[in-house]
Amino acid sequence: MARIAGVLQAQWRTYWRRFSRAGKLVATNQGITLIVTVLVLNKYLRLLYSASIDLTRGNTALVESLLGGILVASVCLPLISSRVSIPVRGLLHLPLSVNDLFAIRLTSLLVNPYSWIVIFGSLAICYPLARAPRPVPGLLAALLFIVWSWLTGLTISHLFRFAAWRTLLFAVALLLLLWMASFVVNGKEGAHFVRFSAVLPTDLVVRAAMGTNSSLAVSALLMLNILTLAATLWSFRQSLAIAPKAKSQGRLNSALFWLPGPVGGLAAKDFRYFRRLLDPYLGVLAAALGCFYLVSATVPSATAVSIVILVIFIPNLPLVFNSFGLDTRGGLDRYALLPATGATFIRGKNLAFLIVVGAQVCPVNVLACWRLGLSVGVFALAQAAVLAATHLAWGNWMSIHFPTKMRAFGFAPAGGALPEIFAGIVFGSLPAVFVIYLLQTKTNQAKWEVLLVSLLCSIFYLLATARAGKRFERQREKIAKAVS
């Protein structure tokens, strides 16, 4: 036990030392986060009060929605907080058993302050359940549900280390998303959601609180916790047994993205890195919804296509706002040995980003041409080009000035400068919004204005990339230190 406590104490000190050394950047981020957290908690407490009133009236919809939110937060937390948790594989050389490592994996999540916010929000669900017809079984079921949610999040974070499981989980998420989207399109989402929620653990909590087979609901949640704990332990053991893979995918990537000079090899390497993050897969889900809309809608809208393309870019922005996050110090040092300029390295990363986003935008663009005509597809392609140019120009600057270490098989951490991130999203989206405005107001004369906007954004990108390349050459050591 003393060894586990020592490791956790070292992790705690490491996290807060990193927090204090970041200076004004972290102070600004935490100030913004504190304001957002206070606003969200204020709204959440209001919903809890409304849920308590609804329970006394026999209405359980709001309570089930809040339980669903707790489940989503608990599942996403291990994927988001991978940067502050201990890389357990690095402790394998210490005299620690697998059970000790699992205990460290569980408790190291508590180092992250966001974990305590999630814990507080999860336990606050006990307030409305205390006013239910059967408060004691309801509270017991809620506690079991919270534990099950955390175990589920840990299990998923372990399974994401396996390529087969990542593919399976993504396929399941995609099918569920399309299934729910079909209910919305058909106008039957209410009845189908009620039927679907009857098999979820959230319904077991409500049944226990309302007195509908309370003992059976609590027993089912207890059994579910035992099974999930076994799955968590199994997935953790399997993740420890993963051997580092040889970089055998470089040949395939180079064959796919071959270009003269070093740009093709750099793009292949960064594309392999980008595929390890989960953020681009959210863009794939957005693209799938857009394709589903274009196929199923009776009269699709050109404005909806523009909005879908705009939404596709947003989850992919961590790839360009922090493009050095998955690099290592050794890799950055090897850049100095290559006969290439800093702008070449930046363009290699930009090309990898364009490949990732292009694979998501192309199906939407093809379906838009099929359903709405070639002109809509051309305008959608111009909008995507404008979005890419402006976001890349801003992101190259951010990647050099605010590099943050990222870890594979998780979501990109919000460790950079949050004001600059928000400003980059707004700045990169404004030209695309202007293009949408032109299409709405000047349908026939918009092509020349859109062409001019695209040309200006392209020139701005070229100038910004050349400047970013020179800055990268001067600040390579700073970036290597930040991501090491």
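Values quoted throughout were computed directly from the atomic coordinates according to the rules given, and no laboratory measurement underlies them. All values reported here derive from a predicted model rather than from experimental measurement. Cβ atoms come from the backbone with ideal geometry, glycine included; neighbour counts cover every protein chain shown.
Brief remarks on what is shown
- Pairwise centroid distance, computed over Cα atoms, of the range 198-221 with the range 425-484, Å: 52 Å
- Share of pairwise Cα separations in the range 309-418, more than 16 Å, in percent: 63 percent
- Rounded FRET efficiency, nearest 0.05, which uses the C-beta distance separating residue 72 from residue 94 and R0 of 45 Å: 0.85
- Added length on full extension, which subtracts the Cα-Cα distance from 0.36 nm per residue, residue 106 to residue 301: 65.4 nm
- Across the range 254-362, the volume of the C-alpha convex hull divided among the residues equals 107 Å³ per residue.
- Euclidean distance of C-alpha centroids, the range 139-166 and the range 306-373, integer Å: 31 Å
- Extension gain, residue 46 to residue 167, is 39.7 nm, computed as 0.36 nm per intervening residue step minus the present C-alpha separation.
- Extended-chain gain in nm, criterion 0.36 nm per residue less alpha-carbon gap, residue 463 and residue 478: 3.1 nm
- Against the compact-protein benchmark of 2.2 N^0.38 Å, the Cα-based radius of gyration of the range 250-483 scales to 1.02.
- If R0 is 60 Å, the Cβ-Cβ spacing of residue 180 and residue 336 corresponds to a FRET efficiency of close to 0.75.
- Sequence-separation-based contact order of the range 250-483, relative, with Cα cut under 8 Å and 6+ spacing, percent: 29 percent
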